[in-house]
Each structure stands twice: as structure tokens, then as C-alpha cells.
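*Asks:* Right, I'll just put the structure down here and ask away after.
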There are 2 protein chains.
Amino acid sequence: MNKYKIAIDVMGSDNGPEVLTRGALKALDEHDDLEIVLFGDEKTVEEVISQSGADRSRIEIVGTTEVVDNYDNPMEAIYKKQDSSLVRALTALGGRDDIAGLINASSTGALLAGSLRYAPARPIRRPALAALLPAQKGGFVCLVDTGANIDCNAEQLVDFAYMGAELMKKYYKIDEPRIGLLSNGAEPTKGNKLVKETHAILADKKDLNFIGNIEGNKALSGDCDVLVTDGFAGNQVLKNSEGIAKRLITDVVTYGKKTGNDEIIKLAHHLAGLYDFNSLGGAVVMGVCKPIIKAHGAANADSITNTSSMLLNMLKNNDLFNGKDFR
Amino acid sequence: MNKYKIAIDVMGSDNGPEVLTRGALKALDEHDDLEIVLFGDEKTVEEVISQSGADRSRIEIVGTTEVVDNYDNPMEAIYKKQDSSLVRALTALGGRDDIAGLINASSTGALLAGSLRYAPARPIRRPALAALLPAQKGGFVCLVDTGANIDCNAEQLVDFAYMGAELMKKYYKIDEPRIGLLSNGAEPTKGNKLVKETHAILADKKDLNFIGNIEGNKALSGDCDVLVTDGFAGNQVLKNSEGIAKRLITDVVTYGKKTGNDEIIKLAHHLAGLYDFNSLGGAVVMGVCKPIIKAHGAANADSITNTSSMLLNMLKNNDLFNGKDFR
């Protein structure tokens with residue numbers, strides 16, 4: 001059985017290292033082929049492990065003394081806090097062959113800046129943040145960028161297309177990912193200046209399966225596998241989708257309570273499962289040497305377990321891809 | 001009883017003048033204080049009216065021989081097609097004191113260009129397209145711009161704020177409309193270049209109730225009355241909201257059919273009513289001398305009836321506002 005070793009930074013989130021460690025141990029329980037390296041406060045991590053009775057042979061602990069969180073200036077933190085769990089985990093990801101991926105739930109800004117500094121892809125790319133969102137037609141839509149790059153130029157958007165295509169090929173087993181460009185109309189003439197420029201470049205790329213513009217109402221339809229956009233508009237699509245889905249689920253709950261119909265409350269739970277974007281997809285840092293998943297700052301133990309499963313699946317798919325056993 | 005006369009352009013939509021005329025007559029039926037001026041093919045309009053037995057004393061027909069539709073170049077059409085229902089209706093709106101507002105369901109581009117040419121506000125403003133969308137907390141959010149101005153500068157966004165505030169004051173009885181700026185974070189430091197520039201200007205305006213940045217998940221929450229954004233991002237919020245709402249309603253229907261629970265099918269209808277953005281809100285052209293509502297190109301008779309009621313309500317509110325009877 002192939003083993004997959006992933007690094008988990010348990011520090012810097014809203015819920016503290018105990019919670020994240022428990023989530024990581026649960027993932028170990030669920031997957032026999034998983035091994036973990038936990039970066040963070042050694043004493044706390046040790047305590048949680050000893051209480052759990054987990055299989056120590058599949059756990060490595062790297063004790064660290066500093067923490068990077070949302071109150072830090074990202075650039076300063078990644079240079080100055082050399083013994084932080086974030087910097088140590090990123091350095092290990094970049095330098096150790098046995099570590100295949102990383103999960104982090106602290107500062108997005110520091111994670112992005114640090115990933116470029118300590119674990120860049122070759123050629124070095126400015127990192128982007130993709131969201132893997134459930135498509136209406138099934139599977140996932142890779143929305144990139146979702147907020148790491150707010151003001152973009154056309155070259156960056158083209159790079160997002162390539163990074164998204166690579167991600168969906170390697171880690172999601174999509175043969176020729178369909179690349180869509182978010183716009184305000186389906187016609188090639190529609191779009192702001194950035195979108196029109198990007199459209200013209202993408203249309204000429206023979207090595208990309210560019211299918212043209214996608215409108216907002218089809219952003220998550222599944223008409224494309226990768227939806228390319230600047231981080232400002234992508235952030236709107238991501239957060240607006242979450243907001244509207246939550247709102248309708250609230251309406252369903254209200255209606256269920258009013259009518260006293262238990263089946264409707266069950267339906268609300270069903271919908272909440274379908275549209276829990278945080279634990280379902282997760283945000284993937286792109287432009288890095290190996291996959292990094294950014295869990296939400298408010299991630300609970302279950303989120304870390306789910307994120308670990310997602311990363312493990314990605315790694316297994318990539319093995320198939322590299323081994324030419326792909327499709 | 002005060003009478004309100006509105007112009008309705010029955011040409012250039014997907015469904016033909018018979019359907020739009022029927023919708024207009026139904027609105028007459030529902031509102032005793034409504035009068036209509038129908039612009040379009042005289043023979044068709046006359047036929048529909050005579051078949052309906054409607055009250056002729058409240059109907060005026062302006063026969064026109066040309067049609068502007070989505071296949072026309074907007075700028076060319078509004079200059080060359082002088083006997084089109086669109087140009088004749090806009091000229092009447094700008095020139096006749098008795099006509100208080102206009103409904104149109106043809107080409108958005110031609111309507112916007114024509115409104116600036118034939119019925120501008122003083123001072124002349126570049127028109128914008130606002131959507132009045134149902135807020136989660138009740139009432140409406142005025143989202144501006146939704147696609148009329150794709151590449152914007154900060155001055156335009158500030159103008160959107162003023163036009164939106166005016167609209168919500170005059171026509172929606174909101175005393176001091178709360179102005180929000182769509183961004184990727186609530187903090188003033190968040191946003192793309194355009195948003196940061198706009199934020200700085202809006203923050204200094206003493207005559208606007210600017211409440212700061214609003215994130216995509218709160219776009220339609222009702223935390224603000226006017227949500228200011230460029231037409232590209234606004235188009236994403238509008239269409240993405242529609243897309244996600246429709247998707248969840250489809251999920252509800254599927255679940256209802258699977259479980260055979262009739263109450264769930266009723267719930268789906270309830271939700272479809274709450275989130276039918278087309279017939280609920282309608283798009284308002286701003287920067288014009290009098291209110292213009294752009295109905296969807298696929299508008300059916302009911303849409304025109306609903307849009308007429310919406311326009312009539314706006315006009316009545318404005319009367320209260322002008323007569324100082326406001327709040």
C-alpha cells in the first residue's frame with residue numbers, strides 16, 4: 001500500500017491547536033494510507049495524541065515556538081518568525097521529498113507570501129487561491145482567483161488558466177479541462193477591458209481547451225471545469241454564492257418550522273450539506289511546488305478531517321496521473 | 001383621485017406586441033388611477049384592445065412604423081429609426097409633461113443610449129442600470145450598476161451612489177439611504193484600485209450616508225439600501241444570485257419529487273416567488289429625467305403587469321416625497 005504523508009500546521013486558527021490536532025487524528029483513523037506531520041506547540045499536540053491512543057508510528061511532531069496569525073503583517077511574519085509552525089511547515093514542504101502536501105488554517109496572506117518564498121513552483125509563479133466548488137452538473141468547478149490577486153493583468157489571468165488546468169488534470173482526473181472566462185455576456189465582445197484582453201490571448205492558446213466566456217448565472221453550473229477571473233470578481237462569486245445558498249436554506253428552515261413538516265427540516269440539512277462550501281471544497285493555493293490547502297480560519301475538527309481526505313484524494317489522483325494509469 | 005400616465009413601448013421584445021399590450025391592459029384593470037400610452041404597431045394594439053373591451057378613455061395609442069431590437073446597433077438605431085416605438089416613446093417621456101414614466105422590453109443598449117439623447121436628467125448624467133432586488137431583511141437593495149457601465153472610474157461610482165440615494169429616497173421612501181460599496185473585505189483597506197479610490201471619496205461626502213464596504217455574502221442582506229459597484233462586478237452579483245437561487249429551488253423540487261411530499265413542492269413554488277428577480281424588482285434606468293423600467297426581453301404579459309404596478313408605486317411615493325408628505 002502506498003503511503004501519503006501530509007503536513008498539518010495546527011497553529012494560528014480561531015479554534016486552537018487541540019481542535020485541529022483532533023481533526024488530524026480522526027483523518028488518520030479514517031485512512032490507513034495516511035501519515036501526518038504536525039507542526040505546532042509540542043506539548044499540546046503530545047497531550048492530545050496521548051489522550052487519543054492514536055497510532056504513533058504514522059505521526060511525526062515538529063515542535064515550533066512561534067505562531068503566525070491574522071494579526072500579523074504577512075510579509076514581516078514570514079521573514080521574522082522563522083520558528084513559526086507556518087514557516088517550518090512551508091520549508092519542510094519545499095525541502096523534504098517525503099512530504100506531499102500541506103494543510104493550514106491561519107493567515108491567508110502569510111500562507112501565500114510564505115509559499116512563494118519557501119515552496120515555490122519551478123518556474124516560480126505568483127501564487128493564486130482557487131476554490132473547488134460543487135458544480136450543478138456534478139463534480140467540481142475550480143474558481144481561480146478567489147481573492148489572492150485583487151488587481152490583475154491579462155498575463156496573470158492566462159497563468160490562472162494554466163494553473164487551473166494543471167490542477168484539474170493532475171488532481172481531479174479531468175482529461176482536457178474546459179477553461180471558461182467569467183464575463184458579463186457569453187459573446188467574445190463582452191467583458192471589461194481585462195476580460196477582452198484575456199479572451200484574445202486565451203483564444204490563441206492551442207494547449208488550452210478554452211471554451212469562451214461564462215456568465216455569472218452559470219459560474220457554478222459545471223459548463224466549465226476551470227473558471228478564470230480576477231480575485232475581486234472571483235471573491236464576489238464565491239461569497240455571493242455562499243450568501244444566497246445560506247439565505248435559501250434559512251427560508252427552507254423557516255417554512256419547515258411554520259408548517260411543522262419534519263421532512264422539510266430534513267431537506268434543509270440535506271441542502272446545508274450540499275452547499276457547505278467550506279468543508280466541501282476548500283481553497284487550494286496554486287503556484288506552489290506541492291498542493292497546499294487553506295482551511296477556513298474558523299475550521300473545526302471535522303473541517304480538518306475533511307480537508308485531509310480531500311488532499312489525500314488529490315495526491316492519489318496525481319499518482320495515477322504520473323503513472324500513466326490515468327483514464 | 002390623482003391619475004398617473006405611463007408610456008409602454010410594446011415593440012422589440014421576444015414575445016411580440018400582442019403579449020405586452022395584454023399585460024398593459026391587465027395593469028389598467030388592476031389600478032383605477034393608471035393611464036397608459038402605448039407605443040407600437042397601431043393595428044395590432046387596436047385589435048388587442050377591441051378584443052379586450054378595455055376602458056378606452058384611459059388608453060392612448062401612438063402608432064409607430066419602426067422597431068428597435070437586440071439585433072440593432074444601439075447608437076445607429078436611436079439616430080436613424082426616428083419613427084421607432086423606442087425613439088417616439090423616449091421623446092414623449094422627455095417632452096410631454098403628462099407622461100410620468102416609461103416601460104420598455106427591447107434592447108438595453110439602445111434604451112440607455114436613447115434615454116441620454118432624448119430624455120436626459122438635468123444635469124445630464126451617463127445613464128446607469130440599477131436592479132431593485134429583494135433584501136433578506138425585507139425591502140429592496142438597489143444594486144447599481146448591473147451592466148450598463150462595464151469599465152468605470154471612481155467618479156462614476158460616486159455618481160452611482162448619488163443616483164441610487166435619490167432613487168431610494170424619492171421612489172422607495174427611504175429617508176437616509178445607507179450606501180454600501182461592494183468589496184472583497186469589510187475593512188476600508190480592502191478592494192481593488194477602483195474600490196479603494198471610490199471609498200476615499202465617498203468617505204468624505206457629508207451629504208451621503210456612506211456605511212463602508214460590503215462583502216459579496218452580504219450583497220443582498222439588506223445591510224445597505226444602495227450597493228455601489230462597477231457594471232462588471234454588479235452583473236456577477238445579479239446573475240450569480242439568480243443562478244444560485246434557481247439551483248437550490250431545483251434541488252428542492254428534486255427532493256420533493258423523490259420523497260413524494262406535496263408540501264415540499266409547495267415550498268419550491270413559494271421560493272420561486274421570493275426569488276423571481278425578473279418580475280419582482282425590475283431594472284431601473286438611472287440618470288434620466290423620469291423613471292424608466294427595463295423589463296426583461298423575455299417579459300410575458302404578467303411581467304408587464306407587475307412592472308406597471310412597480311412603476312405606479314414609485315410614482316405615488318414620489319408624489320408624497322414632493323408634497324412633503326414624506327414620512
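Quick note: the coordinates plus some simple rules give every number you see, no bench work behind them. Everything numeric here is computed off the predicted structure, so don't read it as measured data. We place every Cβ from the backbone using ideal geometry, glycine too, and count neighbours over all the protein chains shown.
*Asks:* In debye, nearest 20: dipole of segment A:45-181 around its Cα centre with unit charges on the Cβ of K, R (+) and D, E (-)?
*Replies:* On the way: 15 positive and 18 negative charges, 83 e Å.
Using only the charged Cβ atoms, the result is roughly 400 debye.
*Asks:* Could you bin all the Cα-Cα distances of segment B:70-224 into 5 Å bins starting at 0 and give me the percent of pairs in each, rounded to whole numbers?
*Replies:* 2, 8, 16, 19, 18, 14, 11, 8, 4, 1, 0
*Asks:* Hey, what number do you get for the protein assembly as shown at 222 nm if only DSSP H runs of n ≥ 4 count, each worth -39500 (n - 2.57), divided across all residues, to the nearest 500? Numbers along the way, then the final one.
*Replies:* Details: 22 runs with 306 residues, N = 654.
So the helix-based figure for the protein assembly as shown works out to -15000 deg cm²/dmol.
*Asks:* Another one. Hey, what do the phi angles of segment A:159-167 turn into as Karplus ³J(HN,Hα) couplings, whole Hz, using 6.51/-1.76/1.60 and θ = phi - 60°, x for Gly and Pro?
*Replies:* Per-residue couplings from phi come out as 5, 4, 4, 5, 5, x, 4, 4, 4 Hz.
*Asks:* About its Cα centre, what dipole magnitude does segment B:175-214 give when the only charges are +1 on Lys and Arg Cβ and -1 on Asp and Glu Cβ, stated in debye to the nearest 20?
*Replies:* Numbers: 6 positive and 6 negative charges, 40 e Å.
Once rounded to the nearest 20, the dipole reads 200 debye.
*Asks:* Rg over Rh of chain B, using C-alpha atoms and the Kirkwood radius, what does it come to?
*Replies:* Working: Rg = 20.2 Å, Rh = 20.5 Å.
Ratio of gyration radius to Kirkwood radius: 0.98.
*Asks:* Another question, if that's okay. Given the options B:Ile214, B:Ile201, B:Ile179, state which has the largest fluctuation in a GNM of chain B using a 10 Å cut-off (strictly under) for Cα springs.
*Replies:* Greatest mean-square fluctuation among the candidates belongs to B:Ile201.
*Asks:* Now a separate question. Which links in B:Lys205/B:Lys316; A:Lys266/B:Lys266; A:Lys26/A:Lys239 stretch past 21 Å when you go from one Cα to the other?
*Replies:* Values: B:Lys205/B:Lys316 29 Å; A:Lys266/B:Lys266 16 Å; A:Lys26/A:Lys239 29 Å.
From the list (B:Lys205/B:Lys316; A:Lys266/B:Lys266; A:Lys26/A:Lys239), the Cα-Cα distance tops 21 Å for B:Lys205/B:Lys316; A:Lys26/A:Lys239.
*Asks:* Still on this structure: Restricting to bridges with both residues inside chain B, how much of the DSSP beta-bridge set is antiparallel, in percent to the nearest 5? Walk me through the numbers before you get to the answer.
*Replies:* Details: 13 of 44 bridges.
Percentage antiparallel, nearest 5: 30.
*Asks:* Amide H to amide H, which residues 5 or more places from B:Ala121 or on other chains are under 5 Å from it, using H placed in the peptide plane?
*Replies:* B:Val288, B:Cys289
*Asks:* Given Cα pairs under 8 Å that are at least 6 residues apart, what percent is the relative contact order of chain B? Numbers along the way, then the final one.
*Replies:* Details: 658 pairs, mean separation 73.4, N = 327.
Relative contact order here is 22 percent.
*Asks:* From the backbone phi of segment B:282-295, what are the Karplus-calculated ³J(HN,Hα) couplings (6.51 cos²θ - 1.76 cosθ + 1.60, θ = phi - 60°) in whole Hz, Gly and Pro given as x?
*Replies:* Working through the residues one at a time gives x, 9, 9, 7, 10, x, 10, 5, 9, x, 10, 10, 8, 7 Hz.
*Asks:* List the extent of the Cα atoms of the protein assembly as shown along each of their three principal axes, largest first, rounded to whole Å.
*Replies:* Computed over the Cα atoms, the extents are 90, 51, 51 Å.
*Asks:* Decide, for segment B:1-76, between rounded, prolate and oblate: order the square roots of the alpha carbon gyration tensor eigenvalues as a ≥ b ≥ c, take rounded if a/c falls under 1.5, and otherwise choose prolate if a/b is larger than b/c, else oblate.
*Replies:* Details: a/c = 2.23, a/b = 1.71, b/c = 1.31.
Prolate shape, in that a/c is at least 1.5 and a/b is the bigger ratio.
*Asks:* Work out the charge dipole of chain A with +1 on the Cβ of Lys and Arg and -1 on the Cβ of Asp and Glu about the Cα centre, then indicate which of A:Gly94, A:Val48, A:Gln136 is farthest towards its positive end.
*Replies:* Value computed over the given set: A:Gln136.
*Asks:* Of the candidates A:Ile59, A:Ile265, A:Ile124, which one comes out as most mobile in a Gaussian network treatment of chain A with C-alpha springs shorter than 10 Å?
*Replies:* A:Ile265
*Asks:* Regarding segment B:68-118, what whole-number volume in Å³ per residue does the convex hull of its Cα atoms give? It would help to have the intermediate numbers written out before the result.
*Replies:* Values: hull volume 3.3 nm³, N = 51.
Spelled out: Cα convex hull of segment B:68-118, divided by residues, is 65 Å³.
*Asks:* Whose amide H sits under 5 Å from the amide H of A:Lys5, counting only residues 5 or more places off or on another chain, with H placed in the peptide plane?
*Replies:* Close amide H contacts, sequence-distant or interchain: A:Glu35, A:Ala100.
*Asks:* Rounded to whole Å and ordered largest first, report the semi-axes of the equivalent ellipsoid of segment A:27-112 derived from its Cα gyration tensor (root of 5λ). All intermediate terms of the calculation are to be shown ahead of the outcome.
*Replies:* Values: eigenvalues 121, 44, 24 Å².
For segment A:27-112, the ellipsoid semi-axes come out as 25, 15, 11 Å.
*Asks:* Still on this structure, I have one more. Taking N as the number of residues in segment A:110-166, what is its alpha-carbon radius of gyration divided by 2.2 N^0.38 Å?
*Replies:* 1.21
*Asks:* Also: Please report the relative contact order for segment A:247-296, taking Cα pairs under 8 Å with a sequence separation of at least 6, and give it as a percent rounded to a whole number. Walk me through the numbers on the way to the answer.
*Replies:* Working: 35 pairs, mean separation 11.7, N = 50.
Reported as a whole number, the value is 23 percent.
*Asks:* Please build a GNM for chain B, connecting alpha carbons under 10 Å apart, and tell me which residue among B:Thr305, B:Thr198, B:Thr44 fluctuates the most.
*Replies:* Per the Cα network of chain B with a 10 Å cutoff, B:Thr44 tops the list.
*Asks:* Tell me, what HN-Hα J-couplings in whole Hz come from the Karplus equation 6.51 cos²θ - 1.76 cosθ + 1.60 at θ = phi - 60° for each residue of segment A:301-309, using x for Gly and Pro?
*Replies:* Once rounded to whole Hz, the list reads 4, 4, 4, 5, 4, 4, 5, 4, 5.
*Asks:* Which residues' amide hydrogens lie under 5 Å from the amide hydrogen of A:Gly212, considering only partners 5 or more residues apart or on another chain, with H built in the peptide plane?
*Replies:* Under 5 Å from the amide H of A:Gly212: A:Leu181.
*Asks:* Still on this structure, please answer the following. For every other residue with a beta carbon closer than 14 angstrom to the beta carbon of B:Ser106, add +1 if it is Lys or Arg and -1 if Asp or Glu, then tell me the sum. Please list the in-between numbers first.
*Replies:* Numbers: positive: B:Lys81, B:Arg88, B:Lys294; negative: B:Asp9, B:Asp14, B:Asp41, B:Glu66, B:Asp69, B:Asp72.
Computed value for this residue: -3.
*Asks:* Let me ask you something else. Rounded, prolate or oblate: which fits segment A:168-324, taking a ≥ b ≥ c as square roots of the Cα gyration tensor eigenvalues, rounded meaning a/c under 1.5, else prolate when a/b beats b/c?
*Replies:* Details: a/c = 2.31, a/b = 1.33, b/c = 1.74.
Oblate, because a/c is 1.5 or more while a/b does not exceed b/c.
*Asks:* Right, next: For segment B:128-216, what does the convex hull of the Cα positions come to per residue, in cubic angstrom? Write down the numbers at each step before the final one.
*Replies:* Details: hull volume 8.5 nm³, N = 89.
Dividing the Cα hull volume of segment B:128-216 by its residue count gives 95 Å³.
*Asks:* Rounded to a whole number of µm²/s, how large is the Stokes-Einstein D of segment A:1-157 at 4 °C and 1.567 mPa s, given Rh as the Kirkwood radius over C-alpha pairs? Spell out each step's value before the answer.
*Replies:* Working: Rh = 16.8 Å.
Using the Kirkwood radius from Cα pairs, D works out to 77 µm²/s.
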